[in-house]
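All of the numbers you see were taken from the coordinates with simple rules; none came from a lab. Just so we're clear, the structure is a prediction, and the values are computed from it rather than from any experiment. Heads up, the Cβs are rebuilt from the backbone with ideal geometry, glycines too, and the neighbour counts pull from every protein chain shown.
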């Protein structure tokens, strides 16, 4: 998978036909940012951590865009590099496709979340209507999960550009593509989060989320996956008697609001990252056609 490339040794060459006589500060900045991204991979799978990773990717793309303006990157215009550059251009199109599909999934999730919240507010005691809306939400989530898992399976590729040892900028671009794939992999895995835990562990989670006097998501930060929290809260809602609906309904609405806001944040970060990928692609095309 792309992860194996991302976690490989950084390409810090001491001699290269394309290296400037003195290492440029932007090259050191690139490696520093790449190192920070690797450190983030060990963090939680909450929407906050995913946003941090995607923001880090945007910074990495911005750094590469600055590098592509430097004279030594004109080595990419050489005939022997043309095939490699075209492969990376194809890779950038793949990244944009994945980005668009992730944004579509987030939009669909946000719309279903809003519809369910509306029903919970309008008919808080109508268990039959609420159950129907929960089933619609679950069906939509199932479709999204299936799509995300299909994309993830298609991303299980190896980035293996040959003969890059003497071309620094090619190595940096290869690391950039691998890092971006890893970031998208984290995002898609987050969106596709499924209830894989056992029934007993699910109810343990429900107990922690539902029965606290203070609702966690309003008062404290959590490292949990928000999709998992919503799944657990919905499971509790439709499994209890109507007499419990007031407390459980409020809890579900709280988690749905949190999920909606976090999905909105992810959409905005993805939009910015998409523009950065396009900008990097345009810079490569300009060098190639110079």
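What's the FRET efficiency of residue 28 with residue 257 using the Cβ-Cβ distance as r and R₀ = 35 Å, to the nearest 0.05?
It comes out at approximately 0.25.
With label points built 7 Å along Cα→Cβ from the Cα atoms of residue 146 and residue 285, find their separation and express it in nm.
3.5
Give, to the nearest whole percent, the P(r) tail of region 36-125 beyond 23 angstrom, counting all Cα pairs.
Above the 23 Å cut-off, region 36-125 has 52 percent of its Cα pairs.
What is the mean projected area of the alpha carbon convex hull for region 29-81, to one decimal in square nanometres?
4.5
Using only C-alpha positions, report the orientation-averaged shadow area of the convex hull of region 33-186, nm², one decimal.
11.1
So, how do all the Cα-to-Cα distances of region 249-290 break down into 5 Å bins, in percent, from 0 on up?
P(r) over region 249-290, rounded to whole percents: 6, 20, 13, 12, 11, 8, 9, 7, 5, 4, 3, 1, 0.
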